[in-house]
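Worksheet for the structure shown next.
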Amino acid sequence: MGKRKANKNEDPIDSATMDVSEEDTEDSDEGVSDGEENSHLDEEIVDIDFDFFDPKPIDFHSIKNLIIQLFSTDAELFNISELTELIIDQPLLGTTVKVDGADSDPYAVLTEKKCIQDLIKYLLDKTKPDQTLNEKLDTLLKKDSTNHVGLILSERLINMPVQIVPPMYKMLQEEIQWAVDDNEPYNFEWYLVLSKTYQEVMSTLDDESSQSKKQKKKKAKSEPTIFYFHPEDEIIERNAEYQLNFNFTKQPSVSDSKRAFSNFGIAPSMKLFLFNRSNRPIANPGFC
């Protein structure tokens, strides 16, 4: 099956558009105070072109780092190198986003593939609190299962704009259909999405001594609100048939609000979504 996305080897940013002549600078500075000039500089907007590419061997370390970022402290429980190699060896499905040409480091990745055994064991262990979901996953992920499950992994650098996401999911949707049309083994019946989440936590630095035990117990019983690092996961949540939020096995240290100079700190976690292809969120018009 031929490559579906066009590769642009040239730099996406035309440096000529960023040049400012001395004459233009002098004209714009005339009659402008220092404060107004600083304000103008603070509001300067830089246009960046994002290009989409298939995963390549040169992307190995960058994709591996993004997968480690996704699984956080639990990344050491899997063979992340093996998972990264499988992503690169499967160029038919998946997209990387770059800004400096095909040979530069990707800033985001979206891909879909079959689960590796270490990850299957991990997910079955994490879903034990939800018996219905656990039994469903156990049935779907067995080696002799006739219902093929596609694992969707999506991660990006924290400052990447969310506007890159709809094109990535649209391309993934198209690539799945093209692969099926070409009789490639990507006719997934179910889709499994793993997403990073977090909960807000109040600081414990100042009030631990003054808070009564009764207050502590009452506070511990309240259900925490789950937030997503990726806004698109809210749409996936609305369409998922099964979902479960769970803590990392090797729980990261909690960011305390007082140390972070904000009202709340964060405690990261992970969420699993499972849905049938008949109810596929990536085909949702409101998403793509």
Item checked: Count of segment 131-187 residues which are open to solvent by 20 Å² or more (accessible area, probe 1.4 Å) and farther than 19 Å from Tyr228 by Cβ -> 30
Next item on the list: Confirm whether Asp118 is over 23 Å from Ala179 (Cα atoms) and either open to solvent by 10 Å² or more (accessible area, probe 1.4 Å) or without any contact (Cβ under 8 Å) to a residue 12 or more places away in the chain (or both).
Entry: yes
Check: In segment 45-72, what residues are within 16 Å of Val97 (Cβ to Cβ), hydrophobic (A, V, I, L, M, F, W, C) and outside any helix (DSSP H, G or I)?
Finding: Ile48, Phe50, Phe52, Phe53
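Does Lys98 satisfy the criteria of being of a type in the set (Lys, Arg) and surrounded by 14 or more Cβ atoms within 10 Å (Cβ to Cβ)?
Numbers: of a type in the set (Lys, Arg): yes; surrounded by 14 or more Cβ atoms within 10 Å (Cβ to Cβ): yes.
Here the answer is yes, as Lys98 does meet what is asked.
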Checklist line | Within segment 75-93, tally of residues that are of a type outside the set (A, V, I, L, M) and in contact with an Asp or Glu (Cβ under 7 Å, 6 or more places away or on another chain) | finding: 3
Check: Only one of (1) under 21 Å from Ile120 (Cα atoms); (2) modelled with pLDDT under 90; (3) touching a Ser or Thr at 6+ places or on another chain (Cβ under 6 Å) fails for Ser257. Which number is that?
Finding: (1)
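The values are calculated or read from the model by the stated rules, or taken from the named source; none is laboratory data. Predicted model only: the values in this text are computed from it and were never measured. Ideal geometry is used to build each Cβ from the backbone, glycine not excepted, and the neighbour counts take in all protein chains shown. Surface areas here come from the heavy atoms of the whole protein model, side chains and all, with no ligands, DNA or RNA. Shrake-Rupley method; radii C 1.70, N 1.55, O 1.52, S 1.80 Å.
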